[in-house]
Structure formats: C-alpha cells, structure tokens
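Notes for the one structure printed next.
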Amino acid sequence: MKKVICSAVLLAASSGAFAEAPGGPGCGWGNMLFEGQNGPVHFLATTTNGTSGNKTFGMTSGTNGCSIDGKLTYGGKSMISSIMDRFSEDVAQGSGEALDAVAVIYNIAPEDRATFAAVTHENFKVIFPTAQVTAEDVISSLETVMKSDARLAKYVI
C-alpha cells in the first residue's frame, strides 16, 4: 500500500515539472482541443497528441500549432553532439548524410546546400581545430564561419 501511495505522490509531483517540448508548448490537436484548461486535462491532451501522430506531423509541417523555428535539440544539447564523428568526417570530405542533416537543422535551402558543404569543407580546421573539440565549440565555430559567408549568413540567428 505504501508503494502505491508513494507512486501516486511522485506522479502528482512530477506532473508539475513541464519542459518545453519540440514544436512548442501548445503543439498538437490535444493542446488545441483542450486549450486554456489545466489540471488532469494535460494527460488527455498528451494522449490525443500521441495516439493520432498529429504532433509529429505538425512538427514536420509547421501546422497544428507547432513551431518549426529554432534548432532541434536532443537532451538539452545540440543534435550535432550525437553525430559529431560522422559530421567531422563529412565536413572533411565535403559531402555526406551528417553534413546534409546539419544543413537541414539550420534550415538551409536546397539551393544553398552545396555552398554550405563547400564553405564548411574549406573551413574544416576552423570548425574542428582539435580532435577534442566539443559540440558547443563546433556549433560556435560553424556559425561564425556561416556568418562570414554572404549566402549562409541569413541562416544563422
């Protein structure tokens, strides 16, 4: 019985700790349907979003109240950190899937992706100055390099 009560208390306490989800805090049909309500309704909104897949669609297309502004993150860190090895290899080669993925993360238009690949390739030593470089340093250097290029500067916030 103590386990049930303890579990219920932990569940109730954790329901107050909300993090902003990808797509924004008001994203999906569930949030739209139960807009302005609070309390246990959050569970229904989340269930509605999860069972129909509409939040995923909204995050992809920028519909259903979802925002596609900003950069995607993973666990509070840039997604670049999860693909650092592949990204560095692709930048060194001047092409590859990880390089394309980073171009998509920065919302680089398809017509500017060849420029992105060329500029990052030419600036490999600036972006990856050492083998021990952190993802945060790579992002900072990458954005500095992008800001210095006339075609790519518009993609850096």
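For the reader, a short list of remarks on this structure follows.
- Test: residue in the range 130-138 that is closer than 17 Å to ALA92 by Cα and at pLDDT 95 or above: no
- Which numbered condition GLU97 misses (of (1) at pLDDT below 95; (2) under 22 Å from SER148 (Cβ atoms)): (2)
The values are calculated or read from the model by the stated rules, or taken from the named source; none is laboratory data. In this text, all values refer to a predicted model and were calculated from it rather than measured experimentally. Don't worry about glycine lacking a Cβ; one is built from the backbone with ideal geometry, like all the others, and counts go over all protein chains shown.
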